[in-house]
Amino acid sequence: MKKMAIKIKATGGYAPSKIMTNDDFSKIMDTNDEWIRTRTGIKRRHIAENETSFDMAYHAALDAITKSGYDKNKIDLIVVASITSHVKTPSIANLIQAKLGLNDKNIVAFDINAACSGFVYALEIASSMIATNNYKSALVIGSEHMSSIIDWEDRQTAILFGDAAGAAIIEASDNEKDEVFFYNGSRGDDTGILWIDPKVKMAGREVYKFAVDIMPKAISKVLEKANLTINDIDVIIPHQANYRIIQSVAKDMELPIERFLMNLEEYGNTSAASIPFLLDEHKTHNKKSQKALLIGFGGGFTWGAAIINI
């Protein structure tokens, strides 16, 4: 099998300015700040007003391009992970192409649906396509307008989610040290444990059991593929679903919780946006090269793990 060596050339992120606190929820449903914080670790989340997943995806892409000074005309592949597009077609990726002024370029653009694992799925797809040498530069985005699909009367789910987008631009690398590894998969959920139809419906206990089981397994599998140990990893970037889930995974793997980056206190669960948004937040404050392990799980059920130099 041909090795895939990928370099992240730029990252970007975007979160709406409107903030909804736990106290705000207490005004519309029977809950309070302490109840939410102790069960989820979430204090606030950002809510999009008059913005769509496409709008946020564009802002994240533009942020990546602007901060790095990247030549957008090099982009010939756009993959967007989202479950909350405001239209069924065109894809968000197609709209991003137009908004970036790249319609005169021969670009492949499409969306994928893998829920909260979506960005890692999209990253593997883009990396694999670049490895064919048919594509040179991929813009990979996770963007979610979760507040548009929340049942605002369901306190079990409404308190969990926020809106955001994260983006990364990747290219092939000649350095073997930039080889990337993935362990993505799914287990078909035909019982409605975590569905959106049309609003989010979730059996929280079953989702928790799945998450704390699959995340350590996926981490172990991707490390095995890379012939690495967890001590070779500089930073772990997990999907921001729930503090208790990440805490349980850390305990299961006998790792200090500090090894896992988190920002869910401020942003909550932003589904496919959570990993790329947190990646950009980390890269904004840490410019040195690091080996990162990305790990997520989501409805479907899906899971995604990746090891990549950032």
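Since every read-out is calculated from the coordinates, none of them should be taken as a lab result. Computed from a predicted structure; not experimentally measured. When we count neighbours, we look across all protein chains shown, and the Cβ atoms used for this are built from the backbone with ideal geometry, even at glycine.
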Subject >> Student exercise, the chain dipole from Lys, Arg, Asp, Glu Cβ charges, in Debye to nearest 20 >> reply: 560 debye
Original post:
In what order do 145, 282 fall by count of nearby beta-carbon atoms within 10 Å, going from fewest to most?
Top reply: 282, 145
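Taking the mean number of other Cβ atoms within 10 Å as a proxy for protection, how do you rank 167-177, 233-243, 110-120 from highest to lowest?
Details: 167-177: 18.1, 233-243: 23.0, 110-120: 26.4.
Final packing ranking: 110-120, 233-243, 167-177.
With the cut-off at 18 Å, report for region 141-216 the share of all Cα pairs above it, as a whole percent.
On the way: 1739 of 2850 pairs.
Of the Cα pairs, 61 percent sit more than 18 Å apart.
How long is the gain from residue 190 to residue 152 if the chain were fully straight, where each residue apart is worth 0.36 nm and the alpha carbon distance is subtracted? Mind dumping the intermediate values first?
Numbers: separation 38, 0.36 × 38 = 13.68 nm, distance 2.45 nm.
That works out to 11.2 nm of additional length.
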**OP:** Please list the equivalent ellipsoid semi-axes of region 39-130, computed as the square roots of five times the alpha-carbon gyration tensor eigenvalues, in descending order and whole angstrom.
**Re:** 23, 16, 15
Subject >> Vicinal HN-Hα couplings computed from phi for region 136-144 (Karplus, 6.51 cos²θ - 1.76 cosθ + 1.60; Hz; Gly/Pro x) >> reply: 10, 9, 10, 9, 10, 10, x, 9, 9
Subject >> Sequence-distant residues sharing a close amide H with residue 302 (under 5 Å, placed H) >> reply: 187
**OP:** Just need the relative contact order of region 11-156 here, percent rounded to a whole number, with Cα pairs under 8 Å and 6+ apart.
**Re:** 27 percent
Subject >> Mean separation of Cα contacts under 8 Å (6+ apart) over length of the chain, as relative contact order % >> reply: 26 percent
**OP:** Nearest 5 is fine: what % of DSSP beta bridges in region 64-203 come out antiparallel, could you say?
**Re:** 55 percent
Subject >> All-pairs Cα distance distribution in the chain, expressed in whole percent, bin size 20 Å >> reply: 36, 59, 5
Original post:
Using modelled amide H (1.01 Å from N, peptide plane; none on Pro or chain starts), what sits under 5 Å from the amide H of residue 4, excluding residues fewer than 5 places away?
Top reply: 180
Original post:
DSSP loop GluC sites (Glu not before Pro) in region 183-255 with at most 16 other Cβ atoms within 10 Å of their Cβ, which ones?
Top reply: 254
Original post:
Roughly what % of DSSP beta bridges within the chain run antiparallel, to the nearest 5?
Top reply: 70 percent
Original post:
What ranking do 163, 33 get, fewest neighbouring Cβ atoms within 10 angstrom at the top?
Top reply: 33, 163
Subject >> Enclosed volume per residue, in Å³, of the convex hull spanned by Cα atoms of region 218-279 >> reply: 90 Å³
Original post:
Can you run phi through the Karplus equation (6.51, -1.76, 1.60; θ = phi - 60°) for region 283-289 and list ³J(HN,Hα) in whole Hz, with x for Gly and Pro?
Top reply: 5, 5, 9, 9, 8, 6, 5
